[in-house]
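Presented below is the structure to which this report refers.
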Amino acid sequence: MSDNQPQYPGHPAYDPAAQQQQQQQQYGYGYGHGHDGQNPYAQQDAYGQQDAYGHQDAYAPQDAYGQDAYGHQDAYAAPAPAPAPADPSHVPSQPHQVTLTPEEPAARPHPQPARPHPAVPASIAHLAPNQRARAEGRSPIIPPGIQPAALTAVLAVLLALTAPLARPVLAVPVVLLQAVTAAGWFRLNGMWPARQGIALAFLAGLVTDVALLATDRSEAPVVALGTLGVWCAFVLVLQLRNRSSADERMYALTAGIASTALAVLASGHLAAAPQAVTVGGAAVALATLARALPLPSVVSVAVALLAAAGAGIAAGQLNGFGTAGAFLGLAAGGCALIGLRVASYDYPSRFVHMTAGVALPLALAAPAVYVLGRALGH
């Protein structure tokens, strides 16, 4: 003890070495002076958790989160779930650990750039009928429907009513049928506008009508074949002047010849017997209406054929054709169904339905009306 150290009565003498050792034992810290044989490079900090190099003591006490006083995780300690504090603002902070407020959660991810999502397909209700059918897994070939069937029935009734009258009167609905046939066939094949082809096919039908009115009914095949041959040559010459590609010229040539042939075939109603035209018109009208009913496909076809046969019998009984009208009505109804199927091909539009869908049932039924009418003795 130094001689200059003051003394107080009733108090022990002040010893610096003893005081330092007492504080080290009481608080557990030291400054590495090598007292009591301790390793000066392995001293502990104030919390007794780490050595001078920051190594973790495996046996150091941990808190409820499995972390030491500095927030380091013990590899062998199982973290226990901590109950949420009653008031987040009073969470005690720890050394070297940032206190997070409720507005800044610890697990907040970094904002990621939004990825572009694939375009949502349009609602099926806003699609075209053929696109809606494809989206629903059905056939995209759409039949003409009830409105074209009603127009076909009206045109067929006009043929049936004008057949007993003079042939020039019957020629009026026939000419209308030929015009709709020529326009609808080109559009059905995806060719629009095709004014020259439509006009040429319609003109072929008009020439055939005039020739039939000027000759006997028995000469109808010769007249039809002669007109068709001449007009095929006209169509060929027209396509020679076409400057399009070879494929387009071939499409136009085939469409022009087919449209011309259909227009000429439609004039068969002028060459057929009046009773046969009446029976055939009635059969086609009922067959197309029955086919447009919302029934299963097989049932609809059967009902349409039965309706055509029944209409043939009824019309035959009224005009003296007799029970043979059932055969004629069945044949005309079958041809009408074929025409409806052709008009339903290749994703048709409303214009196709209102032209080809109206005309093709009657145009294809004309040869059956002519042939069976003559074969049955009328």
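The values are calculated or read from the model by the stated rules, or taken from the named source; none is laboratory data. Given the structure is predicted, the values throughout are model-derived calculations rather than measurements. When we count neighbours, we look across all protein chains shown, and the Cβ atoms used for this are built from the backbone with ideal geometry, even at glycine.
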Q) Regarding ALA199, is this residue more than 25 Å from ALA149 (Cβ to Cβ), among the small types (Gly, Ala, Ser) and at pLDDT 90 or above? A) yes
Q. Among PRO140, PRO173, PRO148, PRO144, which is out of contact with any Asp or Glu (no Cβ under 6 Å at 6 or more places or on another chain), in a loop (DSSP other than H, G, I, E, B) and surrounded by 22 or more Cβ atoms within 10 Å (Cβ to Cβ)?
A. PRO144
**Q.** Residue check for ALA179: surrounded by fewer than 22 Cβ atoms within 10 Å (Cβ to Cβ), part of a helix (DSSP H, G or I), among the hydrophobic types (A, V, I, L, M, F, W, C) and in contact with a Phe, Trp or Tyr (Cβ under 7 Å, 6 or more places away or on another chain)
**A.** yes
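Please enumerate the residues belonging to region 337-363 that are within 15 Å of ALA308 (Cα to Cα) and in contact (Cβ under 8 Å) with a residue 60 or more places away in the chain. Spell out how you get there, then give the answer.
Of region 337-363, the ones within 15 Å of ALA308 (Cα to Cα) are 337-340, 361-362.
Once the filter is applied, which keeps residues that are within 15 Å of ALA308 (Cα to Cα) and in contact (Cβ under 8 Å) with a residue 60 or more places away in the chain, region 337-363 yields LEU340, PRO361, LEU362.
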(Q) If I filter region 213-221 for residues that are in a loop (DSSP other than H, G, I, E, B), surrounded by 13 or more Cβ atoms within 10 Å (Cβ to Cβ) and out of contact with any strand residue (DSSP E or B) (no Cβ under 8 Å at 6 or more places or on another chain), do I get at least one hit? (A) yes
Q) Within the bounds of region 261-273, is there any residue that is part of a loop (DSSP other than H, G, I, E, B) and either more than 23 Å from VAL157 (Cβ to Cβ) or polar (S, T, N, Q) (or both)? A) yes
**Q.** Single match in ARG243, ARG249 (criterion: surrounded by fewer than 18 Cβ atoms within 10 Å (Cβ to Cβ) and outside any helix (DSSP H, G or I))
**A.** ARG243
Q.
Just the residues that are of a type in the set (Val, Ile, Thr) and farther than 17 Å from VAL301 by Cα, please, taken from region 318-347.
A. THR323
Q | Of all residues in region 354-363 being surrounded by 24 or more Cβ atoms within 10 Å (Cβ to Cβ) and of a type outside the set (Gly, Ala, Ser), the one that is nearest to ALA336 (Cα to Cα) | A | PRO361
